[in-house]
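Enquirer: Here it is, the structure in full.
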Amino acid sequence: PDWPWVHVFVYAGLGDKDSTFKALEQMAAIHDPRVGPYLTYPELTLLHGDPRLARFRESLGMPAVP
């Protein structure tokens, strides 16, 4: 099976932002309820400051992070 949530952490651990975002988008596409909480995990701090994160959060209906 293809589990995008596993890919999120593998790619983040490898420092691959593009693939991490792709896996997060796949999670959102299948309405995985973990996608929002995962954005707060320290493993995903590599995405902080990337403008794609703000757009992604907005697409999920989440508030912007200051």
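The values are calculated or read from the model by the stated rules, or taken from the named source; none is laboratory data. Being a predicted model, the structure only gives us computed values, none of them experimental. Cβ coordinates were reconstructed from backbone atoms using ideal geometry, including for glycine residues, and neighbour counts include every protein chain displayed. Accessible surface is based on the protein model in full, side chains and every heavy atom, while ligands, DNA and RNA are left aside. Shrake-Rupley method; radii C 1.70, N 1.55, O 1.52, S 1.80 Å.
Enquirer: How much area per residue is accessible in the chain when the probe is 1.4 Å and only protein heavy atoms are counted (Å²)?
Expert: For the chain, the solvent-accessible area averages 66 Å² per residue.
Enquirer: Let me ask another. Among the trypsin sites (Lys or Arg not before Pro) in the chain, which ones are in a DSSP loop with at most 12 other Cβ atoms within 10 Å of the Cβ? Mind listing them?
Expert: Sparse-neighbourhood loop trypsin sites (Lys or Arg not before Pro): R34.
Enquirer: Any idea what the dipole of the chain comes to, in debye rounded to 20, about its Cα centre with Lys/Arg Cβ at +1 and Asp/Glu Cβ at -1?
Expert: Its charge dipole is roughly 140 debye.
Enquirer: While we're here: With each pseudo-label sitting 7 Å past Cα toward Cβ, what's the H31-D50 distance in nm, one decimal?
Expert: Rounded to a tenth, the inter-label distance reads 2.6 nm.
Enquirer: Of the accessible area of the chain, with the probe set at 1.4 angstrom, what percent is carbon plus sulfur?
Expert: On the chain, the fraction of accessible area on carbon and sulfur atoms equals 60 percent.
Enquirer: Suppose only helical runs count, i.e. DSSP H with n ≥ 4. What mean residue ellipticity at 222 nm does that imply for the chain under -39500 (n - 2.57) per run, divided by all residues and rounded to the nearest 500 deg cm²/dmol?
Expert: Only helices count here, giving -16000 deg cm²/dmol.
Enquirer: Between beta-carbons, use under 14 Å as the cut-off and find the net charge around H7, counting Lys and Arg +1, Asp and Glu -1.
Expert: Local net charge: -3.
Enquirer: Follow-up. Across the chain, how large is the tail of the calculated P(r) beyond 16 Å, expressed as a percent of all Cα pairs?
Expert: 37 percent
Enquirer: Which Cα, out of W3, T40, G15, lies furthest along the positive dipole direction of the chain (beta carbon charges, K/R +1, D/E -1)?
Expert: T40
Enquirer: Just in region 1-50: which chymotrypsin sites (Phe, Trp or Tyr not before Pro) are loop by DSSP and have at most 10 other Cβ atoms within 10 Å?
Expert: Listed in order of number, the matching sites amount to none.
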